[in-house]
1. Where a ≥ b ≥ c are the square roots of the eigenvalues of the C-alpha gyration tensor, would you call the stretch 136-204 rounded, which needs a/c under 1.5, or, failing that, prolate if a/b is larger than b/c, or oblate?
2. Please compute the modelled spin-label separation between residue 65 and residue 119, points set 7 Å along Cα→Cβ, answer in nm with one decimal.
3. State, to one decimal in nm², a quarter of the convex hull surface area for the C-alpha atoms of the stretch 3-222, i.e. the direction-averaged projected area.
4. Hey, with R₀ at 22 Å, roughly what FRET efficiency would residue 195 and residue 216 work out to, going by the Cβ-Cβ distance, to 0.05?
5. Using only helices, what value at 222 nm comes out for the chain when you add -39,500 (n - 2.57) per DSSP H run of length 4 or more and divide by the total residues, to the nearest 500 deg cm²/dmol?
6. Would you mind calculating the gained length between residue 235 and residue 75 on full extension (0.36 nm times residue separation, minus the Cα-Cα distance), in nm to one decimal?
7. Could you sort the peptides 226-236, 210-220 by per-residue average Cβ neighbour count (10 Å cutoff), highest mean leading?
8. Taking Cα atoms of the stretch 22-82, Rg/Rh with Kirkwood Rh, to two decimals?
């Protein structure tokens, strides 16, 4: 395995950013760390990339301890940060040139690698333009190329598509897939976009409030939620609650594993949606005061997985990971 994490925690005073995380990431794997803002994703990456010392626990990357062999860890990893760190006054090529020099790459090797990566991320035609003229998507592609210039064994991608429009986000996904395939590098991707993790990652760990609450392939995670999901939208909340009561007390053989109401929406998890809908419609027809305005049948998504494991939907925290890190940095200076 490339990354081995055991009981890793980051605490500062009463703030618990990462709470006893244990996981293994295999060589060449595209691994996703999924969670809302403030869940601990950036803090975990900051420890694994040696920017933060853990409070407790251990982790090794490529056989090197993050606490005892930080220099060796840094030489073998690349990092694409959530916030851009490009020098916008330099050209794309100059940004890569500078990064290659920092890693001590010989000129010939550096030039070959820059040419290779610029072509791979389709920036070769804009390589000599000033970076501040680039679009957001182009900057992200350049940052990913920069993170790979020294051929790292592990690449950390921290929210690589944050703030990008859906079309640009999809293009970045394609580049990440191709880079993972072409470079054969282990990638750890953090995101709070469910569809991003589902599309890209071989395995996913869901993190919430600093804890890993689930870890498996996207398909297995969704499979554990079980069956199909039927959503009924009722015209008012009183009618919705009456319908829930009718379904729960009905003699009809509806094989449901859970039923929840959120306002006028009722979500029912069933083993077979196609056979359950006619039975539900039969129950609805017996409620003269109940008006159902929409019926939707779908397979479970990672949103449902997250809801299943945490009891809540993805949320925006009052303190996100970067704010946590800034808080820690400020406090450490005191």
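FYI, it's all coordinate maths here, none of it is from the lab. Here the structure is a predicted model, which is why all the values come from computation and not from measurement. Glycine gets a Cβ as well: all are built from the backbone with ideal geometry, and neighbour counts include every protein chain shown.
1. Numbers: a/c = 1.77, a/b = 1.21, b/c = 1.46.
It is oblate, given that a/c is not under 1.5 and a/b is not larger than b/c.
2. So the label points at residue 119 and residue 65 sit 4.4 nm apart.
3. Details: hull surface 47.5 nm².
With every direction weighted equally, the projected area is 11.9 nm².
4. Values: r = 17 Å, r/R0 = 0.79.
Efficiency, from the Cβ-Cβ distance: 0.80.
5. On the way: 12 runs with 133 residues, N = 334.
After summing the helix terms and dividing by the residues of the chain, the value is -12000 deg cm²/dmol.
6. Numbers: separation 160, 0.36 × 160 = 57.60 nm, distance 5.98 nm.
That works out to 51.6 nm of additional length.
7. Working: 226-236: 18.2, 210-220: 16.6.
Highest mean packing first, the order is 226-236, 210-220.
8. Values: Rg = 11.7 Å, Rh = 12.5 Å.
That ratio equals 0.93.
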